[in-house]
1. Find the eigenvalues of the gyration tensor of the Cα atoms of segment 50-108, then list the square roots of 5 times those eigenvalues as equivalent ellipsoid semi-axes, largest first, in whole angstrom.
2. Over the Cα atoms of segment 1-64, compute the convex hull volume and normalise it per residue, giving Å³.
3. For segment 4-118, take every pair of Cα atoms, bin their distances at 5 Å starting from 0, and report each bin as a whole percent.
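Read-outs: derived from the displayed coordinates by stated rules, not from any lab. Note that the structure is predicted; figures quoted are calculated from it, not measured.
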Amino acid sequence: VQLQASGGGLVQAGGSLRLSCAASGGSFGNYRLAWFRQAAGKDREFVAAINWSGGSTYYEESLKGRFTLSRDNAKNTLYLQMNSLKPDDTAVYYCAGSRWSSIRRARDDYEYWGQGTLVTVSS
């Protein structure tokens, strides 16, 4: 499976962005998917995950209420809507996928990774 993340950019604090992750080459509709992010000088951290159907989502606690994860299996695309962005949200955002369907938050639970898209939030 190949994952292609897009939608990053420069936004002012308080603004919004929607990230997309397009998948090809696999049974997208059966996979769990997630977003992780990595700020400069820091480890890659979990953002949110979604199960195969989109019926269950799981968020990093500190991001609840500002970020919304969704997927469109007909379009083989994962989305992350980010609102009320803060400078601390600045990072490279990576989408990830796994052949297993249930939600997991650990990096090691994902076999497939996109190339990342940079989100910069200015104060």
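1. Details: eigenvalues 86, 36, 27 Å².
Each semi-axis is √(5λ); the values are 21, 13, 12 Å.
2. Working: hull volume 7.5 nm³, N = 64.
Dividing the Cα hull volume of segment 1-64 by its residue count gives 117 Å³.
3. Going out from 0 Å in 5 Å bins, segment 4-118 shows 2, 13, 25, 27, 19, 9, 4, 0 percent.
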